[in-house]
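Participant: Dumping the structure here so I can ask a few things about it.
Derivation of every value follows stated rules applied to the coordinates shown; laboratory data play no part. Since this is a predicted model, take the numbers as computed values, not measurements. As a convention, Cβ positions derive from the backbone with ideal geometry for all residues, glycine included, and neighbour counts pool all protein chains shown.
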Amino acid sequence: MRKPHFIGNWKLHKTKKETVDFINTLKQFLESKQDKIAGICPSFVNLDAALHAAKDSNIIIGAQNCHWAESGAFTGEVSIPMLKAINCTYVIVGHSERRNIFGETDFEINRKIKALTKADMHPIFCLGETLDQRNADMVEEVIRFQLEAGLCDINGDALRKIIIAYEPVWAIGTGVTAKPHQAQEVHAFIRKYLGERYDRGLAEETIILYGGSVKPENVKELMAQPDLDGALIGGASLKLESFKAIINY
Ligand code: PGA
């Protein structure tokens with residue numbers, strides 16, 4: 001039984017006070033929602049405060065990125081041991097903004113996923129096709145490639161620690177959501193791929209989130225899809241009311 005996960009990706013938003021106030025209110029709201037898992041990925045500088053605010057709740061606090069090296073001359077980067085030391089165990093990896101704006105490659109994404117699982121942490125591994133790729137009928141090819149590359153050298157035990165997030169690039173921040181059947185097709189494809197590469201039982205346990213313009217108005221239909229286990233939410237996770245409405249779908 002896969003518990004629905006709703007994880008907010010806050011990107012470059014919210015100060016420390018805004019982060020803490022939000023989490024304190026969310027915490028109260030979630031007390032009666034033990035059947036769902038909610039998470040927030042604030043900016044690095046607010047992670048520690050967010051983790052303190054979320055203490056004694058089941059709110060996941062995740063980072064939005066990490067470096068694969070334990071330490072070294074990597075100006076501006078944050079390491080996995082640094083995150084682990086503050087008890088931050090979830091990290092978004094391979095978000096399309098990291099791939100497209102900051103030039104992150106599948107190879108680097110794989111290094112991060114390997115380093116995170118080795119440290120017993122949980123990557124939230126993002127993948128998804130662009131509009132051009134969808135229009136060229138290349139969705140399965142692109143997703144398969146991203147899975148092959150991202151999960152290179154990842155065994156079944158490591159896969160158990162990973163959350164996958166299917167985020168079609170054309171749906172992120174655009175207000176255009178994938179139609180529920182389009183999301184389901186890709187989620188089913190990912191699960192089938194995992195079943196063939198690892199085993200069916202493991203594929204059935206894997207949490208596969210959808211991301212891309214998820215809002216209170218479309219979450220119910222998306223969640224009705226059998227292979228969709230929750231959402232990675234950008235814009236609509238920034239307002240408490242819309243995030244709560246999504247969790248309450
Ligand atoms: P969005 O962002 O919900 O604003 O489309 C999703 C994401 O980038 O994870």
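Participant: Got a number for residues in the stretch 141-164 being in a loop (DSSP other than H, G, I, E, B) and either closer than 26 Å to residue 236 by Cα or in contact with a Ser or Thr (Cβ under 6 Å, 6 or more places away or on another chain) (or both)?
Facilitator: 2
Participant: Name the single residue, out of those in the stretch 165-201 being aliphatic (A, V, I, L, M) and either in a helix (DSSP H, G or I) or more than 21 Å from residue 235 (Cβ to Cβ) (or both), that is nearest to the ligand (Cβ to nearest atom).
Facilitator: 171
Participant: Could you figure out which of (1) within 16 Å of the ligand (Cβ to nearest atom); (2) more than 19 Å from residue 121 (Cβ to Cβ) isn't true of residue 57?
Facilitator: So residue 57 meets the others, but not (1).
Participant: Oh, and also: Quick one: which residue in 30, 116 is of a type outside the set (Val, Ile, Thr), under 26 Å from residue 248 (Cα atoms) and surrounded by 13 or more Cβ atoms within 10 Å (Cβ to Cβ)?
Facilitator: Every option except 30 fails the conditions.
Participant: Further, regarding this structure: For the stretch 206-249, which residues satisfy the criterion of being over 15 Å from the mean Cα position of the chain (by Cα), among the polar types (S, T, N, Q), within 11 Å of the ligand (Cβ to nearest atom) and under 17 Å from residue 183 (Cα atoms)?
Facilitator: Of everything in the stretch 206-249, just one residue is over 15 Å from the mean Cα position of the chain (by Cα), among the polar types (S, T, N, Q), within 11 Å of the ligand (Cβ to nearest atom) and under 17 Å from residue 183 (Cα atoms), namely 218.
Participant: Next question, about the same structure. Please report, ordered by residue number, the helices (runs of 4 or more DSSP H) entirely within the stretch 48-140 with at least 1 residues that are more than 30 Å from residue 21 (Cβ to Cβ).
Facilitator: Filter on the stretch 48-140 gives 96-100, 106-118, 131-135.
Participant: Let me ask something else. When you go through (1) under 21 Å from residue 211 (Cβ atoms); (2) assigned to a helix (DSSP H, G or I) one by one for residue 28, which number turns out not to apply?
Facilitator: So the condition that residue 28 fails would be (1).
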